[in-house]
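Trainee: Pasting in a structure now, in structure tokens, and then I'll have a few things to ask.
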Amino acid sequence: MLGLSRPLLATAVAVGFATLLGRFIYQTFVHRSRVRSLKAQGLPILPHSLLLGHLLVLAEFTQLHPPDVNIHVFHTWLSNNCQKYFPGHDRPPSVVYLDLWPVSDSLAIVSDPEMASQFTVARNLPRNSMVKQYIRPLTSAIDIFCTEGPTWKSWRSILNPGFSSRNLMTMMPEIIEEVLVFVAELKKLTGKDGTSGSVFSLEQKTISLTFDVICRAALDMRLHDQTNESASPLKSALLDQLRLMGIMTNAAKATLLGRMPWHTAAIANNNRIMRQALLPQIEAKLKGNPSERKTKTIIGLAAKSFNQTEPGTAGRQTTFVESLIANLKIFLFAGHDTVSSTTCFMFKLLQDNLQSLEALQKEHDDVLGTDPEMAAQVLSTSPHLLSSLPYTLGVVKETLRLYPQAGTIRDCPVGFRLTDTSNNVRYPMEGFGAWMSAHEIHRNAEYWPRPNEFLPERWTAAEGDPLRPSQGNTWLAFSIGPRNCIGMELAMMELKLILALTARTFDVEEAWDEWDRQRGSKATPSHTIDGQRLYQVGISTVHPKDGMPVRVRQRKHTSTQLAGT
């Protein structure tokens with residue numbers, strides 16, 4: 001019997017392998033043929049290999065960049081090398097098809113803002129399945145980001161009041177409280193008598209700040225992560241989960257390192273830890289009286305909605321709780337990640353553009369008073385003054401223009417096409433994920449004069465000024481359409497408050513030499529982009545290289561009002 005089972009087993013393995021190989025060959029043929037068909041229609045196509053598709057183009061990008069570079073940098077690199085890949089064109093075509101099978105699903109980079117609105121505004125196409133697959137280990141894809149249709153609409157309507165301007169005003173004192181902790185922690189890292197302290201990772205500090213803020217906004221809970229000696233179990237589990245999600249998504253490592261049993265076990269354990277931290281908060285809110293709290297938090301709004309509309313049966317409550325846990329986790333992820341990275345790049349740009357820093361400081365003197373130590377009290381007493389800082393807003397928006405954090409990808413249905421209204425060329429999109437390129441649009445001179453310069457004053461330019469941003473959907477930092485980022489106003493408030501409470505108090509400078517000495521053999525001084533050590537890294541979401549190593553000194557602020565007398 002045993003002798004017969006071995007040939008049968010070998011046959012079964014051979015048949016299974018042949019089936020998988022056959023499917024692989026078929027899928028490769030489908031992807032390659034699709035692009036060849038588009039080329040036959042006269043559409044502009046990157047140099048395409050029948051065997052490797054566009055993987056050779058991706059390989060060239062990879063070869064010319066550090067290994068940890070974020071894929072969004074590919075967009076601007078392609079634009080800078082347009083003449084090589086699209087001879088006779090000053091810029092890439094409005095749609096650039098990418099056949100990256102089997103490394104990735106087929107994508108189409110859309111670098112025209114009007115065309116981007118065709119799949120986000122005119123038609124609100126569903127999120128790309130590949131992106132949902134990335135989120136799935138964290139939320140089982142039942143969160144507000146991944147869901148579609150009535151489920152998404154229901155959660156969006158429940159949570160929208162928490163992000164209204166009126167509600168955020170009531171939340172401002174709590175955010176100020178956390179930013180002041182951030183200020184105090186930075187002061188500990190300065191040197192004596194106005195000198196710079198030792199090098200440290202700025203991103204580690206900004207992550208702790210933004211995690212404390214989003215926990216208050218989402219969970220109505222103060223973690224004190226900025227001052228605790230060790231990270232909370234909730235934060236540790238979330239950050240480790242994001243690391244594991246990156247490993248499982250990293251196409252270059254997928255066959256060897258992705259989806260191993262120990263990764264699956266670690267993901268399940270992280271979800272268990274996060275559930276243990278979140279569930280008591282949810283249960284307390286369901287039993288309590290949400291109307292007692294003046295500020296509307298995510299968890300409070302959800303509990304209020306459930307208590308008002310749900311019958312409260314055990315089965316329905318379980319479903320609600322699971323959905324709420326998923327939504328809280330996605331808010332904790334998105335709420336800390338974008339703001340922490342943007343804060344780092346914001347300090348970088350001000351460090352490199354001292355005239356902009358001086359203009360920012362002058363605005364703070366004029367609006368908040370000449371004593372930086374009193375700014376928090378002034379804003380707490382008169383929160384409306386935060387809306388009277390147009391240059392500060394310009395610094396935030398200009399940072400997000402030059403360093404956008406993401407670009408939405410949408411699945412395209414059968415027969416769907418995008419139309420370039422400038423020449424009436426129609427681009428078939430079936431089989432491709434429509435990838436809105438904020439990186440490319442944000443640096444297009446057609447929409448942004450002097451596109452590669454940091455110019456916060458463009459956001460305060462008067463009508464008719466050449467620097468004034470063009471009308472239309474050309475600033476895409478938080479996406480556009482009904483599925484734009486629900487937390488946009490909270491993020492903008494947080495970033496403006498960080499500037500208002502730090503710009504006149506600290507000088508922040510990159511410290512790569514000292515960082516390299518500390519890291520020794522692990523240092524990577526050859527890793528640069530356009531001569532800069534600081535660049536965007538990350539497998540999925542954007543982060544600053546090495547967490548942006550900096551040194552900080554506490555400055556003696558001289559009022560710009562007095563300086564001008």
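Trainee: Tell me yes or no: at least one residue of region 434-443 is open to solvent by 60 Å² or more (accessible area, probe 1.4 Å), of a type in the set (D, E, K, R) and either closer than 16 Å to residue 75 by Cβ or modelled with pLDDT of 95 or more (or both).
Mentor: yes
Trainee: Additional query: Going through region 46-64 one residue at a time, which ones are in a loop (DSSP other than H, G, I, E, B), surrounded by 14 or more Cβ atoms within 10 Å (Cβ to Cβ) and touching a His at 6+ places or on another chain (Cβ under 9 Å)?
Mentor: 46, 48, 54
Trainee: Have a look at 104, 79 and point out the one that is in contact (Cβ under 8 Å) with a residue 24 or more places away in the chain, of a type in the set (Gly, Ala, Ser) and in a helix (DSSP H, G or I).
Mentor: Every option except 79 fails the conditions.
Trainee: With the structure loaded, tell me whether residue 295 is polar (S, T, N, Q) and more than 24 Å from residue 202 (Cβ to Cβ) or whether it fails that test.
Mentor: yes
Trainee: I'd like the residue in region 333-345 that is among the β-branched types (Val, Ile, Thr) and open to solvent by less than 10 Å² (accessible area, probe 1.4 Å) and, out of all such residues, is farthest from residue 545 (Cα to Cα).
Mentor: Restricting to residues being among the β-branched types (Val, Ile, Thr) and open to solvent by less than 10 Å² (accessible area, probe 1.4 Å), the top hit is 339.
Trainee: Follow-up. Do you know which residues across region 184-200 are β-branched (Val, Ile, Thr) and surrounded by 20 or more Cβ atoms within 10 Å (Cβ to Cβ)?
Mentor: 190, 199 - these are the residues of region 184-200 that are β-branched (Val, Ile, Thr) and surrounded by 20 or more Cβ atoms within 10 Å (Cβ to Cβ).
Trainee: Let me ask something additional. Please give the number of the condition residue 310 fails out of (1) surrounded by fewer than 19 Cβ atoms within 10 Å (Cβ to Cβ); (2) modelled with pLDDT of 95 or more; (3) among the acidic types (Asp, Glu).
Mentor: With (1) surrounded by fewer than 19 Cβ atoms within 10 Å (Cβ to Cβ); (2) modelled with pLDDT of 95 or more; (3) among the acidic types (Asp, Glu) applied to residue 310, the lone miss is (2).
Trainee: Is one or more of the residues making up region 468-484 touching a residue at least 60 places away in the same chain (Cβ under 8 Å), under 25 Å from residue 341 (Cα atoms) and touching an Asp or Glu at 6+ places or on another chain (Cβ under 6 Å)?
Mentor: no
Trainee: Looking at 526, 470, which one is among the small types (Gly, Ala, Ser), farther than 25 Å from residue 214 by Cα, at pLDDT 95 or above and in a loop (DSSP other than H, G, I, E, B)?
Mentor: 526
Trainee: Quick check: is even one residue across region 550-559 closer than 24 Å to residue 405 by Cα, in contact with a helix residue (DSSP H, G or I) (Cβ under 7 Å, 6 or more places away or on another chain) and either modelled with pLDDT of 95 or more or not in a strand (DSSP E or B) (or both)?
Mentor: Yes, there is a match, as at least one residue in region 550-559 is closer than 24 Å to residue 405 by Cα, in contact with a helix residue (DSSP H, G or I) (Cβ under 7 Å, 6 or more places away or on another chain) and either modelled with pLDDT of 95 or more or not in a strand (DSSP E or B) (or both).
Trainee: Also, quick follow-up: Would you please name the residue that is surrounded by the fewest Cβ atoms within 10 Å (Cβ to Cβ), looking only at residues in region 135-148 that are over 18 Å from the mean Cα position of the chain (by Cα) and either at pLDDT below 95 or closer than 25 Å to residue 244 by Cβ (or both)?
Mentor: 140
Trainee: On to the next question. For residue 132, only one of the following conditions fails: (1) part of a helix (DSSP H, G or I); (2) open to solvent by 30 Å² or more (accessible area, probe 1.4 Å); (3) in contact (Cβ under 8 Å) with a residue 24 or more places away in the chain. What is its number?
Mentor: (3)
Trainee: Only one of (1) of a type outside the set (D, E, K, R); (2) open to solvent by less than 20 Å² (accessible area, probe 1.4 Å); (3) at pLDDT 95 or above is not met by residue 295, so which one is it?
Mentor: (3)
Trainee: Also, I was wondering about something else. Can you tell me which of 348, 329, 362 is surrounded by 23 or more Cβ atoms within 10 Å (Cβ to Cβ) and farther than 30 Å from residue 158 by Cβ?
Mentor: Matching residue, one of 348, 329, 362: 348.
Trainee: Also: Any chance region 403-414 includes a residue that's farther than 30 Å from residue 431 by Cα and either among the aliphatic types (A, V, I, L, M) or touching a residue at least 60 places away in the same chain (Cβ under 8 Å) (or both)?
Mentor: Within region 403-414, not a single residue is farther than 30 Å from residue 431 by Cα and either among the aliphatic types (A, V, I, L, M) or touching a residue at least 60 places away in the same chain (Cβ under 8 Å) (or both).
Trainee: So for region 486-501 (the condition being open to solvent by 30 Å² or more (accessible area, probe 1.4 Å) and touching an Asp or Glu at 6+ places or on another chain (Cβ under 8 Å)), does at least one residue qualify?
Mentor: No - not one qualifying residue is present in region 486-501.
Trainee: Using the structure shown, decide if residue 90 is among the acidic types (Asp, Glu) and surrounded by 13 or more Cβ atoms within 10 Å (Cβ to Cβ).
Mentor: So residue 90 fails the test.
Trainee: Can you confirm whether region 116-128 contains a residue that is farther than 16 Å from residue 435 by Cα, outside any loop (DSSP other than H, G, I, E, B) and touching a residue at least 40 places away in the same chain (Cβ under 8 Å)?
Mentor: Scanning region 116-128, I find no residue that is farther than 16 Å from residue 435 by Cα, outside any loop (DSSP other than H, G, I, E, B) and touching a residue at least 40 places away in the same chain (Cβ under 8 Å), so the answer is no.
Trainee: Determine whether region 6-19 contains at least one residue that is farther than 30 Å from residue 341 by Cα, β-branched (Val, Ile, Thr), modelled with pLDDT of 90 or more and open to solvent by 30 Å² or more (accessible area, probe 1.4 Å).
Mentor: no
Trainee: Now for a separate question. Of the numbered conditions (1) within 24 Å of residue 410 (Cα to Cα); (2) open to solvent by 40 Å² or more (accessible area, probe 1.4 Å), residue 460 satisfies every one except a single condition; which is it?
Mentor: The single condition residue 460 does not satisfy is (1).
The values are calculated or read from the model by the stated rules, or taken from the named source; none is laboratory data. Keep in mind it's a predicted model, so treat the numbers as computed, not measured. Note: ideal-geometry Cβ built from the backbone for every residue, glycine included; neighbour counts use all protein chains shown. Calculation scope for accessible area: heavy atoms of the full protein, side chains included, ligands and nucleic acids excluded. Shrake-Rupley method; radii C 1.70, N 1.55, O 1.52, S 1.80 Å.
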